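Colleague: One structure is given below, represented as structure tokens, and several questions about it will come after.
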Amino acid sequence: MNKVSHFVSLFENLPDQRQEWKIRHKLVDILFIAVVATIADCDDWEEMEWFAQEKEDWFRQYLELPNGIPSHDTIQRVFSWLDPELFRQRFLQWVQGNVSGQAAAGVIAIDGKTMRGSRDRTKKALHVVNAWFSETGMVLGQVFTEEKSNEMTAIPELLEILTVAGHIVTIDAAGTYPAIAEKIVNKHGDYVLAVKGNQPNLMEDIRLFFETEEADEHSEYKLQRITRREKGHGRIETRTYVTSEEIGWLRPRQTWEGLKSIGMVRSHVEELSTGTIREETRYYISSLPAEVSRFAYAVRQHWGVESMHWVLDVTFQEDGRRSRKGDSAKNLSQLLRLTYDILKSADRPKNWPLKRLRKRALVDNRYLDRLVSTLFQ
């Protein structure tokens, strides 16, 4: 049991709602099996049971398993009644204990994702707001809301549990509100917030400023500009980043705590197979000085949270999972992000995708041992 002592210490004291006389399997054993099976490419409750039965001798190195392997129904029932808030707290404790790299300054990207498999005739799909850290590629935390439109209230709750001091927080337009900017600054972080239709006057002012100043060769205002060009995935993308600290003219600037600069990103995408051209311009406000390279880094890193959402769908099949009983959707969401973080923090050959790591964990007991010994102690 020493090899999993840290995991046991975090999860063994979670409240157990089962009737004591009916309990045949330890709660921590069920959770450990679910985590390891999810790492090892198991995408539903039945596969978790099958994997544990196939690997029973391996599991007995770490667990007592007094009554053998729990059934998939038992595993599913546990995840339906497990307190998601307490599970989240333990998850955050594990992240804080294993993500030493967060000490380095980086970007905390906040964005929401809908778990489509949690929807049924009587209940809307669960919406999850995630915080992703650029320096490790790991999920730092998450909160739940019933609808995407509620992100404005969910984001402050998420910021409350995060350490943002010294980091740059990036949020799409759903989180661009004065109260959220104020909360980030009060926690000694910086922000780069997208400006779209939910702040129409602010967006129009910024748009007109950049259009006018770029067209005026003799403008009194100073603009910083860099261009980045990337080729990959069948397309060529050229992005031009522009920033300015000349915001004395900006009417609502006093509304935004710590506001120091505005930014613009103009992207030009050419699809090589069809020759199709797509162009888009996005606008931002920021508490950073107008250092255009730093602004470009923050904007670019924000797309990492969208990449994480893609991995959860494609590699972990999140949208395809049916999780509708009790709190199973919330707990499944946290289980997937916990295993995502474990694999992200593991040593792996260069350019190996997480999908391949999951396959390796399925067939290679020595690799599973390495994960357990390095991540659960």
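The values are calculated or read from the model by the stated rules, or taken from the named source; none is laboratory data. What you see is a predicted model; the values in this text were computed from it and never measured. Here the Cβ is made from the backbone with ideal geometry for all residues, glycine too, and neighbour counts use every protein chain on show.
Colleague: Does any residue of the range 190-211 turn out to be small (Gly, Ala, Ser) and without any contact (Cβ under 8 Å) to a residue 12 or more places away in the chain?
Modeller: No, that holds for no residue.
Colleague: For the range 1-45, give me the residue count where each residue is over 25 Å from the mean Cα position of the chain (by Cα), more than 30 Å from Val314 (Cα to Cα) and either in a loop (DSSP other than H, G, I, E, B) or at pLDDT 85 or above (or both).
Modeller: Number satisfying all stated conditions: 12.
Colleague: Considering Tyr340, Tyr284, which residue is within 23 Å of Leu31 (Cα to Cα), aromatic (Phe, Trp, Tyr) and buried (at least 22 other Cβ atoms within 10 Å of the Cβ)?
Modeller: Tyr340
Colleague: Pick from Val305, Val363: which is of a type in the set (A, V, I, L, M, F, W, C) and either without any contact (Cβ under 8 Å) to a residue 60 or more places away in the chain or more than 26 Å from Glu85 (Cα to Cα) (or both)? Even if it seems obvious, please write down each step before you answer.
Modeller: On the way: Val305 fails: either without any contact (Cβ under 8 Å) to a residue 60 or more places away in the chain or more than 26 Å from Glu85 (Cα to Cα) (or both).
Answer to the selection: Val363.
Colleague: Out of the residues in the range 23-38 meeting the condition of being of a type in the set (Val, Ile, Thr) and over 14 Å from Glu56 (Cα atoms), tell me which one is surrounded by the most Cβ atoms within 10 Å (Cβ to Cβ).
Modeller: Only one residue tops the list, namely Thr38.
Colleague: Give the residue that is surrounded by the fewest Cβ atoms within 10 Å (Cβ to Cβ), with candidates limited to residues of the range 64-82 that are under 11 Å from Glu49 (Cα atoms) and hydrophobic (A, V, I, L, M, F, W, C).
Modeller: Ile75
Colleague: Considering only the range 262-278, I want to know if a residue exists there that is surrounded by 12 or more Cβ atoms within 10 Å (Cβ to Cβ), touching a helix residue (DSSP H, G or I) at 6+ places or on another chain (Cβ under 9 Å) and among the polar types (S, T, N, Q).
Modeller: no
Colleague: Right, another one. Got at least one residue in the range 287-298 being at pLDDT 90 or above, farther than 30 Å from Lys124 by Cα, touching a helix residue (DSSP H, G or I) at 6+ places or on another chain (Cβ under 7 Å) and surrounded by 14 or more Cβ atoms within 10 Å (Cβ to Cβ)? Before you say what the answer is, go through the steps one by one.
Modeller: Here is the first cut: in the range 287-298, the residues at pLDDT 90 or above are 287-298.
Those left that are additionally farther than 30 Å from Lys124 by Cα: 287-298.
Next, from what is left, pick out any that are touching a helix residue (DSSP H, G or I) at 6+ places or on another chain (Cβ under 7 Å): 287-288.
Then drop every residue that is not surrounded by 14 or more Cβ atoms within 10 Å (Cβ to Cβ), which leaves 287-288.
The answer is yes, given that some residue of the range 287-298 is at pLDDT 90 or above, farther than 30 Å from Lys124 by Cα, touching a helix residue (DSSP H, G or I) at 6+ places or on another chain (Cβ under 7 Å) and surrounded by 14 or more Cβ atoms within 10 Å (Cβ to Cβ).
Colleague: Still on this structure, I have one more. Can Val192 be described as under 18 Å from the mean Cα position of the chain (by Cα) and in the same structural domain as Tyr284 (by TED's automatic domain parsing)?
Modeller: Considered against the rule, which asks whether it is under 18 Å from the mean Cα position of the chain (by Cα) and in the same structural domain as Tyr284 (by TED's automatic domain parsing), Val192 comes out as yes.
Colleague: Under 7 Å by Cβ, and 6 or more places apart or on different chains, what pairs join a residue from the range 221-243 that is at positive phi with one that is in a loop (DSSP other than H, G, I, E, B)?
Modeller: Gly234/Leu272; Gly234/Ser273
Colleague: Right, next: Take the residues in the range 39-61 that are within 13 Å of Asn365 (Cα to Cα) and touching a residue at least 40 places away in the same chain (Cβ under 8 Å), then tell me which one is surrounded by the fewest Cβ atoms within 10 Å (Cβ to Cβ).
Modeller: Gln61
Colleague: Determine if the range 68-85 includes at least one residue that is aliphatic (A, V, I, L, M), assigned to a helix (DSSP H, G or I), modelled with pLDDT of 85 or more and out of contact with any Lys or Arg (no Cβ under 7 Å at 6 or more places or on another chain).
Modeller: Yes, there is a match, as at least one residue in the range 68-85 is aliphatic (A, V, I, L, M), assigned to a helix (DSSP H, G or I), modelled with pLDDT of 85 or more and out of contact with any Lys or Arg (no Cβ under 7 Å at 6 or more places or on another chain).
Colleague: Search the range 68-94 for residues that are among the acidic types (Asp, Glu) and pair each with any residue that is outside any helix (DSSP H, G or I) and at pLDDT below 85 when their beta-carbon atoms are under 8 Å apart and the residues are at least 6 apart or on different chains.
Modeller: Asp83/Leu14; Asp83/Pro15; Asp83/Asp327
Colleague: Considering each residue of the range 266-290, count those that are closer than 21 Å to Leu202 by Cα and of a type in the set (D, E, K, R), and give that number.
Modeller: 3
Colleague: Return yes when Ser333 is within 22 Å of the chain's Cα centre (by Cα), at pLDDT 85 or above and among the small types (Gly, Ala, Ser) and no when it is not. I'd like the intermediate steps shown before the answer.
Modeller: On the way: within 22 Å of the chain's Cα centre (by Cα): yes; at pLDDT 85 or above: yes; among the small types (Gly, Ala, Ser): yes.
Yes.
Colleague: Only one of Arg251, Arg225, Arg229, Arg239 is loosely packed, with under 11 Cβ neighbours inside 10 Å, part of a strand (DSSP E or B) and charged (D, E, K, R). Can you tell me which?
Modeller: From the options Arg251, Arg225, Arg229, Arg239, the qualifying one is Arg229.
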